[in-house]
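The values are calculated or read from the model by the stated rules, or taken from the named source; none is laboratory data. What you see is a predicted model; the values in this text were computed from it and never measured. Heads up, the Cβs are rebuilt from the backbone with ideal geometry, glycines too, and the neighbour counts pull from every protein chain shown. Only protein heavy atoms, including side chains, enter the accessible area calculation; ligands, DNA and RNA are left aside. Shrake-Rupley method; radii C 1.70, N 1.55, O 1.52, S 1.80 Å.
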Amino acid sequence: MVLRREGRCALSGTPPTPVSLLGAADVRRIADAVGLRPTKQRGQNFVVDGNTVRRIVRDSGIGPDDVVVEVGPGLGSLTLALLEVARHVVAVEVDPVLAQRLPTTVAEQAPGHVERLDLVLADAMRVEELPGPTPTALVANLPYNVSVPVLLHLLERFETLASVLVMVQAEVAHRLAAPPGSRTYGVPSVKAAWYCDVALAGTVGRQVFWPVPNVDSALVSLRRRGTPGDDDLRRATFRVVDAAFAQRRKTLRAALSGLAGSGAAAEVALRAADVDPQARGEQLDVVAFARIAAALG
């Protein structure tokens, strides 16, 4: 992981000053300056509407004491709005061209906020540490193709992230926030619920992006709470979750037979966990999955 420090942290509680947010013309100007052509491979769709990024920051609930992690800052639209409010922002960008340009954009649009920014040139899925003060929040327009694994990795690695507001593909948002028993409930729902209370936080129109995506977007809010167990139990629980949803039409007795060694052994563990062996994974919450994992040993 390559770290680039962009300045010292501003003092907690320092009154924020206004910044000049990026509009559609600014985004295209910066993209042209760096020779950027957005690619589907990296899920590059850049927000070009100042009202939208201010709404994201407002709905995130961050304030002047927060240290915010942003994944995929891109051309800096959301970064600028975060710098306007937060104590400090740590931007994680995998694209070296975009990473090289971001400090220039901040210096041009928010010259009084340069020292509030740290820039990390890295794949967010491989980030194990961050520069600067301890992060307290994650606010990001996550690349659609890696949104769930990035989110789960950061929640696992950085326990101090107390709140999260991310913009993702609407379909993914509904999966993350789905309750047990719903049609969209699945692996992302259960794994996110291990760490947080999850809720939908609104939709975002396609026209605020450049280029305009061919899918809808939505905001998801996650608030950290106590987990059902330690890290060993989490890993075991996630294995159970993966097996339970690998063939979601199967009963848990059948779906977990591979993990348990046999259908009979799976049934013994399920009954010990007070779960009906004929139930299906989509009916259970994360606490029930943790009981099964503990029963399986």
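Which of the residues belonging to the range 117-138 are in contact with a strand residue (DSSP E or B) (Cβ under 7 Å, 6 or more places away or on another chain), among the aliphatic types (A, V, I, L, M) and not in a strand (DSSP E or B)?
Taking the range 117-138 first, the residues in contact with a strand residue (DSSP E or B) (Cβ under 7 Å, 6 or more places away or on another chain) are 117-122, 124, 127, 130-138.
Of the ones still in play, those that are also among the aliphatic types (A, V, I, L, M) are 117, 119-122, 124, 127, 130, 137-138.
Listed by number, the residues that qualify are A122, A124, V127, L130.
Condition check ((1) under 30 Å from V47 (Cβ atoms); (2) of a type outside the set (K, R)) across all residues:
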{"residue": "G205", "(1), (2)": "yes, yes"}
{"residue": "P211", "(1), (2)": "yes, yes"}
{"residue": "S221", "(1), (2)": "yes, yes"}
{"residue": "R225", "(1), (2)": "yes, no"}
{"residue": "V240", "(1), (2)": "no, yes"}
{"residue": "R249", "(1), (2)": "no, no"}
{"residue": "L270", "(1), (2)": "no, yes"}
{"residue": "A293", "(1), (2)": "no, yes"}
{"residue": "G297", "(1), (2)": "no, yes"}
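Taking only pairs six or more apart or across chains, which ones have beta-carbon atoms under 6 Å, a first residue in the range 59-77 that is polar (S, T, N, Q), and a second residue that is part of a strand (DSSP E or B)?
Note: pairs meeting the criteria are S60/V139; S60/L165; S77/V47.
Quickly run through the range 103-127 and pick out the residues that are under 16 Å from P143 (Cβ atoms) and aliphatic (A, V, I, L, M). It would help to see each step written out before you state the result.
Filtering the range 103-127 for residues under 16 Å from P143 (Cβ atoms) gives 120-127.
The answer is V120, L121, A122, A124, M125, V127.
With the requirement that a residue be surrounded by fewer than 15 Cβ atoms within 10 Å (Cβ to Cβ) and within 20 Å of D232 (Cβ to Cβ), what does the range 259-286 give you?
Selection gives G261, A272.
Let's see how each residue does on (1) under 20 Å from V120 (Cα atoms); (2) open to solvent by less than 30 Å² (accessible area, probe 1.4 Å); (3) at pLDDT 95 or above; (4) not in a strand (DSSP E or B):
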{"residue": "L3", "(1), (2), (3), (4)": "yes, no, no, no"}
{"residue": "C9", "(1), (2), (3), (4)": "yes, no, no, yes"}
{"residue": "L22", "(1), (2), (3), (4)": "no, yes, yes, yes"}
{"residue": "I62", "(1), (2), (3), (4)": "no, yes, yes, yes"}
{"residue": "A91", "(1), (2), (3), (4)": "yes, yes, yes, no"}
{"residue": "L102", "(1), (2), (3), (4)": "yes, yes, yes, yes"}
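From the list V241, V208, V215, V166, pick out the single residue that is closer than 23 Å to Q278 by Cβ, among the hydrophobic types (A, V, I, L, M, F, W, C) and out of contact with any His (no Cβ under 7 Å at 6 or more places or on another chain). Show your work before the answer.
Numbers: V208 fails: closer than 23 Å to Q278 by Cβ; V215 fails: closer than 23 Å to Q278 by Cβ; V166 fails: closer than 23 Å to Q278 by Cβ.
Of the residues listed, the single one that is closer than 23 Å to Q278 by Cβ, among the hydrophobic types (A, V, I, L, M, F, W, C) and out of contact with any His (no Cβ under 7 Å at 6 or more places or on another chain) is V241.
Of (1) over 30 Å from Q283 (Cβ atoms); (2) modelled with pLDDT of 95 or more; (3) part of a helix (DSSP H, G or I), V69 satisfies all except one. Which?
V69 satisfies all of (1) over 30 Å from Q283 (Cβ atoms); (2) modelled with pLDDT of 95 or more; (3) part of a helix (DSSP H, G or I) except (3).
List pairs: first in the range 230-242 and within 22 Å of S257 (Cβ to Cβ), second open to solvent by 70 Å² or more (accessible area, probe 1.4 Å) and outside any loop (DSSP other than H, G, I, E, B), Cβ under 8 Å, 6+ apart or cross-chain?
Filtered contacts from the range 230-242: R239/L259; V240/L259.
Based on what the data block shows, is V114 surrounded by fewer than 19 Cβ atoms within 10 Å (Cβ to Cβ), in a helix (DSSP H, G or I) and not acidic (D, E)?
Details: surrounded by fewer than 19 Cβ atoms within 10 Å (Cβ to Cβ): yes; in a helix (DSSP H, G or I): yes; not acidic (D, E): yes.
Answer is yes for this residue.
Which numbered condition trips up A295, out of (1) more than 20 Å from the chain's Cα centre (by Cα); (2) buried (at least 20 other Cβ atoms within 10 Å of the Cβ)?
(2)
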